[in-house]
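Report on the structure given below.
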């Protein structure tokens, strides 16, 4: 360990863990409506080397930031008390204690290759890796869903983002070679085989390298709008509105809420359609569902932006079977389902389109379904 990872008590338990970022094939923004989602874990992950301390200090260091470690008193942790990247691991420690677990300080060194601000759940990866490490080191025995709920609570109550639970469940529960079919209401889950290579396909990720400032506030407004619509319809959540009753329900709602409801209901249906196709081994037919999902995110939910729209349009025009935004919106990343032999062509077309529009050069890479949180040392 470097000085930034110094050990307070050489006899304290130590180890290293990893928790991945994610892309979502379909189901964006349905997770906080008790809906269905279909995420895939990425090989890119947050990795944490952790050693417990006995002096009540939480000493945090990131390989991705300049300067020395951030040193915090565990007893003084409270929502709003920590700024910057350190609030994510600090949030987990606070949440564990708030949940009644008698945990203390630690030296935590984090090294992550999940792109930040790209809609690939870099913050959830940090939260989940710290939660997994603490559970293991303290012998808490928390399973995947329990870790995910804890990390979600950390994000909601400490960080202050009213997110659903998809990102956290993907980070801890995905398995290699599969997508995770998740019912966010009760956290029922099923691993769905996603053998892209076997089908001659690739999943191209386009990091647009943009994130618009309105994203955080708009996310909360969208969630509040969905909850208001469900209350007006007398439903526990929009998940409980069947597609057959959509038109009649829309007539009962204020005009400004109708597009939100239409997106959530149709997106839930798209998730079920996508799972049926994967179960049948028809991976190529997933493409049009991705593109339809993006149109709904763009036109009804209105969380897209010119950069993500251009990435989708350029990818499809260059031969992608389908493409859509992934992540919270207002920037971030796009995924495109492409035939293996057109991967380079589609990636180049998106890059050329961005150059023509005067946008920053996007980062592109392929996503391979990876494993969720696990110990690596």
(message) Looking only at the stretch 79-97, how many residues end up being surrounded by fewer than 19 Cβ atoms within 10 Å (Cβ to Cβ) and within 13 Å of residue 156 (Cα to Cα)?
(response) 2
(request) Look through 291, 352, 342 and report the one residue that is part of a helix (DSSP H, G or I), under 20 Å from residue 199 (Cα atoms) and over 24 Å from the mean Cα position of the chain (by Cα). (result) 342
(message) Filter the stretch 51-93 down to the residues that are within 18 Å of residue 113 (Cα to Cα) and not in a loop (DSSP other than H, G, I, E, B) and list them by number.
(response) 60, 61, 62, 84, 85, 86, 88, 89
(request) Within the stretch 181-191, track down each residue that is buried (at least 22 other Cβ atoms within 10 Å of the Cβ) and in a strand (DSSP E or B). (result) 181, 182
(request) Tell me which residues, restricted to the stretch 131-143, are surrounded by 24 or more Cβ atoms within 10 Å (Cβ to Cβ) and either closer than 20 Å to residue 222 by Cα or out of contact with any strand residue (DSSP E or B) (no Cβ under 6 Å at 6 or more places or on another chain) (or both). (result) 131, 134
(request) Scan 327, 372, 331 and give me the residue that is buried (at least 20 other Cβ atoms within 10 Å of the Cβ), closer than 18 Å to residue 30 by Cα, outside the structural domain of residue 42 (by TED's automatic domain parsing) and in contact with a strand residue (DSSP E or B) (Cβ under 8 Å, 6 or more places away or on another chain). (result) 327
(request) Considering each of 170, 146 in turn, give the residue that is part of a helix (DSSP H, G or I) and either touching a strand residue (DSSP E or B) at 6+ places or on another chain (Cβ under 6 Å) or buried (at least 19 other Cβ atoms within 10 Å of the Cβ) (or both). (result) 170
(message) If I filter the stretch 202-222 for residues that are outside the structural domain of residue 44 (by TED's automatic domain parsing), in contact with a helix residue (DSSP H, G or I) (Cβ under 6 Å, 6 or more places away or on another chain) and part of a helix (DSSP H, G or I), do I get at least one hit?
(response) no
(request) Mind telling me which of the residues 360, 320 ends up being touching a helix residue (DSSP H, G or I) at 6+ places or on another chain (Cβ under 9 Å) and over 28 Å from residue 218 (Cα atoms)? (result) 320
(message) Considering only residues that are in a loop (DSSP other than H, G, I, E, B), touching a strand residue (DSSP E or B) at 6+ places or on another chain (Cβ under 7 Å) and surrounded by fewer than 20 Cβ atoms within 10 Å (Cβ to Cβ), which ones fall in the stretch 110-130?
(response) 113, 115, 117
(request) Within the stretch 94-109, work out how many residues are touching a residue at least 40 places away in the same chain (Cβ under 8 Å) and either part of a strand (DSSP E or B) or touching a strand residue (DSSP E or B) at 6+ places or on another chain (Cβ under 9 Å) (or both). (result) 6
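The rows are residues; the columns are (1) touching a residue at least 24 places away in the same chain (Cβ under 8 Å); (2) surrounded by fewer than 20 Cβ atoms within 10 Å (Cβ to Cβ).
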{"site": "175", "(1), (2)": "yes, yes"}
{"site": "179", "(1), (2)": "yes, no"}
{"site": "193", "(1), (2)": "yes, yes"}
{"site": "210", "(1), (2)": "yes, yes"}
{"site": "218", "(1), (2)": "yes, yes"}
{"site": "223", "(1), (2)": "yes, yes"}
{"site": "231", "(1), (2)": "no, yes"}
{"site": "240", "(1), (2)": "yes, yes"}
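The values are calculated or read from the model by the stated rules, or taken from the named source; none is laboratory data. Just so we're clear, the structure is a prediction, and the values are computed from it rather than from any experiment. Cβ atoms come from the backbone with ideal geometry, glycine included; neighbour counts cover every protein chain shown.
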